[in-house]
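Below: the structure, in structure tokens.
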Amino acid sequence: MGELNEQATQLDSIMARAKDLNRKLVLAGRGAVVKAEAAGTDLYDRYAERGAELAGDTAEQTNKTLLAGRGLLDAARELAANAPAKRAALLERLVDAGREQRGEKADTDSDYVLAAFGAVATLRSETPKLFETLVSAGEQRA
């Protein structure tokens, strides 16, 4: 009889954990929507402002969506120009994280292997923070 009670308790514990995880996943989904809406609105406004700067005197007569499109195009050009430097900086950061992760074994590994280890280590450390941020944003919206 004691074994059945123990199994029932374990089952209840598993069900409670599953319900809590489900609640957190729903809240994280809501949080992701909240973050996406805020980021989308912010980007739209920034691109429209940038487009207005580029349009100069004709900005007042131009539709905001067209201004945002012009600002987006300018931002994309800037991103394309800066992409190689940003890629190199990211690779360097991941290689450094990989060196830290691998320790003494890092001396024999190539930079790309170290970057892979660094990427995994970075994801492991950043994912829980991001998830909790999304859950928190979802709770505020709920």
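Less than 20 Å apart at the alpha-carbon level, and either on another chain or at least 8 residues along: which lysines does that give for Lys129? Leaving aside lysines fewer than 8 places away in the same chain, those within reach of Lys129 are Lys24, Lys35. Of Thr127, Thr58, Thr41, the residue with the greatest mean-square motion in the GNM of the chain, using alpha carbon springs below 10 Å, is Thr58.
When the range 30-141 is described by a simple charge dipole with +1 on each Lys and Arg Cβ and -1 on each Asp and Glu Cβ, the residue from Val33, Thr58, Ala76 located farthest towards its positive end is Val33. When you restrict to C-alpha pairs under 8 Å that are six or more residues apart and normalise by the size of the chain, the relative contact order lands at 33 percent. Between the beta carbons of Glu49 and Ala88, assuming R0 = 30 Å, the FRET efficiency works out to 0.50 to the nearest 0.05. The Cα atoms of the range 30-141 give a gyration tensor whose axes a ≥ b ≥ c have a/c of 1.5 or more with a/b no greater than b/c, which makes the shape oblate. In a reduced charge model with +1 at each Lys and Arg Cβ and -1 at each Asp and Glu Cβ, the chain shows a dipole moment near 260 debye about its Cα centre.
FYI, it's all coordinate maths here, none of it is from the lab. The shown structure was predicted, so the numbers you read here are calculated from the model rather than taken from an experiment. Positions of Cβ are generated from backbone atoms using ideal geometry, with glycine treated the same way; all protein chains shown enter the neighbour counts.
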